[in-house]
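Trainee: Here it is, the structure in full.
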Amino acid sequence: MSRCLSYLLGGTLAAAFAVAPAAAQESLVVAAFGGKHGQTLQKCVIDTFTAKTGIKVTVDQGVSSVTVAKLKQQKGNQSLDVIWLDGEVSQAAESEGVFQDIDPAQVPNIANIIPEAVHKNKDGKITGLDDYYYSVGIVYNEDEVKQAPTSWFDLWKPEYKGLSTWPSMSDGSGPPMLVYVSELLGGGVDNLKPGVDKMKQLEVAAYYDSGGNASNILSRKEAIIGVLDSGAVWSLADAKPFEVGFVIPKEGGLASGTRLHLIKPSKAAYEFLNHALTADAQKCFVENYFYGPSVKNIELSEKAKSRLPWGPNGSIKDLRFSDAVAINAHRQQILDAWNRDVLGRR
């Protein structure tokens with residue numbers, strides 16, 4: 001009898017241990033953005049994934065630079081399973097060796113996204129997948145700004161002294177915008193002086209670390225004009241803290257995207273990546289946050305089409321992307337110039 005009981009208990013314990021690893025994988029930790037962007041990801045991607053699979057997702061919210069710092073600190077013992085990053089920050093982190101290769105066989109929806117959304121390392125392995133795109137332009141309070149700006153350099157007009165907001169180096173658009181201003185003034189990524197000298201002359205109300213932070217600054221009317229990405233602009237417009245204006249300056253807007261990376265491969269992590277690239281998830285996101293989708297041929301409302309970063313009839317080919325590779329190669333010089341010369345005002 002005791003041997004029979006022992007056998008049964010042994011079988012029960014063995015079965016319990018056998019399912020334990022699978023049960024342990026029925027949860028994920030995902031790094032995502034904050035603000036309305038993060039709320040929309042929660043609604044359209046994360047919550048719908050959990051509803052579909054039963055897999056619980058814990059969100060680690062923060063800006064991309066902080067997420068990358070965490071990956072570097074935890075190298076070899078990562079707490080994150082999947083992460084979202086700004087495109088430029090993603091490129092900078094590629095050499096850190098913190099991204100895992102993505103097996104396309106485990107993410108069949110890769111076949112449904114545009115080719116530009118698939119990013120590979122020097123060995124030809126997929127390490128990142130774009131989900132959305134945006135264009136950076138000038139946002140302004142139409143109640144306070146009576147004449148719509150037409151140029152980036154309108155931000156330096158005397159009437160906006162101390163009333164503008166601009167991305168810091170923690171925001172994904174910060175380094176590219178400093179390089180872009182330098183390029184417009186005859187410099188470039190390897191000659192930042194023209195841009196740095198110009199930025200030293202700009203007296204802002206505040207620099208911001210994220211689109212949500214910028215929206216709060218504008219909503220509180222600490223600033224009445226500034227640089228902001230299209231998705232955050234349209235969310236602000238729908239919140240109606242004031243009449244929101246948005247223009248792509250005559251010199252051209254600056255585009256970027258958000259990117260998914262695999263940190264700890266598992267069946268659940270792959271299911272999450274695949275779900276994020278479904279037409280339903282992306283349609284929901286675009287209808288609520290107005291970024292451009294990476295999934296092809298999504299049917300959108302007229303409102304969403306009109307707010308796409310490439311316009312109602314355009315495509316990703318109409319956007320101007322910064323040279324992320326060059327920016328990453330000079331990232332430390334960019335950060336040093338910003339901290340020493342712009343913030344230090346020397």
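Trainee: As a test of reading the structure, rank Cys284, Cys44 by solvent-accessible area (1.4 Å probe, protein chains only), most first.
Mentor: The most accessible residue leads, giving Cys284, Cys44.
Trainee: Moving on. Rounded to the nearest 500, what is the chain's calculated 222 nm mean residue ellipticity when only DSSP H runs of at least 4 contribute -39500 (n - 2.57) each, over all residues?
Mentor: Rounded to the nearest 500, it is -11000 deg cm²/dmol.
Trainee: Separate question: Taking the Cα centre of segment 26-121 as origin, work out the dipole magnitude from +1 charges on Lys and Arg Cβ and -1 charges on Asp and Glu Cβ, in debye rounded to 20.
Mentor: Details: 8 positive and 11 negative charges, 56 e Å.
Charge dipole of segment 26-121: 260 debye, to the nearest 20.
Trainee: Report, by chain and number, residues whose modeled amide H sits under 5 Å from the one on Glu251, excluding near sequence neighbours (fewer than 5 apart, same chain).
Mentor: Trp152
Trainee: Which one, Leu262, Pro241, Val295, is farthest towards the positive end of the dipole of segment 194-296 when Lys and Arg carry +1 and Asp and Glu -1 on their Cβ?
Mentor: Value computed over the given set: Leu262.
Trainee: Relative contact order of segment 54-161, please, whole-number percent, based on alpha carbon pairs below 8 angstrom and at least 6 residues apart.
Mentor: It comes to 16 percent, rounded to a whole number.
Trainee: Using Cα-Cα distances under 8 Å and only pairs 6 or more residues apart, what relative contact order does the chain have, in percent? Kindly include the intermediate steps, with their values, before the conclusion.
Mentor: Numbers: 597 pairs, mean separation 89.2, N = 346.
Once normalised by length, the contact order is 26 percent.
Trainee: Relative to the Cα centre, what is the charge dipole magnitude of segment 49-191, using +1 at the beta carbon of each Lys and Arg, -1 at the beta carbon of each Asp and Glu, and rounding to the nearest 20 debye?
Mentor: 380 debye
Trainee: So which of Lys157/Lys303; Lys240/Lys305; Lys267/Lys296; Lys221/Lys317; Lys122/Lys305; Lys52/Lys317 end up more than 29 Å apart by C-alpha?
Mentor: Going by Cα-Cα distance, Lys157/Lys303; Lys221/Lys317; Lys122/Lys305; Lys52/Lys317 fall outside the 29 Å limit.
Trainee: Starting with the highest mean, order 51-59, 71-79 by the number of other Cβ atoms within 10 Å, averaged over the residues of each peptide.
Mentor: Working: 51-59: 13.8, 71-79: 12.1.
The packing order, highest mean first, is 51-59, 71-79.
Trainee: Applying 1/(1 + (r/R0)^6) with R0 = 41 Å to the Cβ-Cβ distance of Lys250 and Glu96, what FRET efficiency is obtained, to the nearest 0.05?
Mentor: Result of the calculation: an efficiency of 0.60.
Trainee: Could I ask something else about it? Can you list residues from other chains, or at least 5 along the same chain, whose modelled amide H is less than 5 Å from the amide H of Gly128?
Mentor: His119
Trainee: Still on this structure: In the Gaussian network model of the chain, springs joining C-alpha atoms below 10 Å, which of Ala69, Ala117, Ala269 carries the largest mean-square fluctuation?
Mentor: Ala69
Trainee: Show Thr67, Thr48 ordered by accessible area, largest first, where the area counts protein heavy atoms only and the probe is 1.4 Å.
Mentor: Descending accessible area places them as Thr48, Thr67.
Trainee: Starting from the residue with the highest accessible area, list Glu299, Glu88 in decreasing order, probe 1.4 Å. Numbers along the way, then the final one.
Mentor: Numbers: Glu299 140, Glu88 15 Å².
In descending accessible area the options line up as Glu299, Glu88.
Trainee: Which of the helices in the chain meet the span-like rule: DSSP H, Cα axial reach of 30 Å or more, Kyte-Doolittle mean at least -0.5?
Mentor: On the way: long enough: 2-24 (32 Å, 1.24).
Membrane-span-like by this rule: 2-24.
Trainee: Then there's this: Would you mind calculating the gained length between Lys157 and Ala326 on full extension (0.36 nm times residue separation, minus the Cα-Cα distance), in nm to one decimal?
Mentor: Here the answer is 57.8 nm.
Trainee: Amide H to amide H, which residues 5 or more places from Lys157 or on other chains are under 5 Å from it, using H placed in the peptide plane?
Mentor: Under 5 Å from the amide H of Lys157: no residue qualifies.
The values are calculated or read from the model by the stated rules, or taken from the named source; none is laboratory data. Just so it is clear, the model here is predicted, and its values are computed rather than measured. Here the Cβ is made from the backbone with ideal geometry for all residues, glycine too, and neighbour counts use every protein chain on show. Ligands, DNA and RNA are stripped out before the accessible areas are found, and what is left, the full protein with its side chains, is counted by its heavy atoms. Shrake-Rupley method; radii C 1.70, N 1.55, O 1.52, S 1.80 Å.
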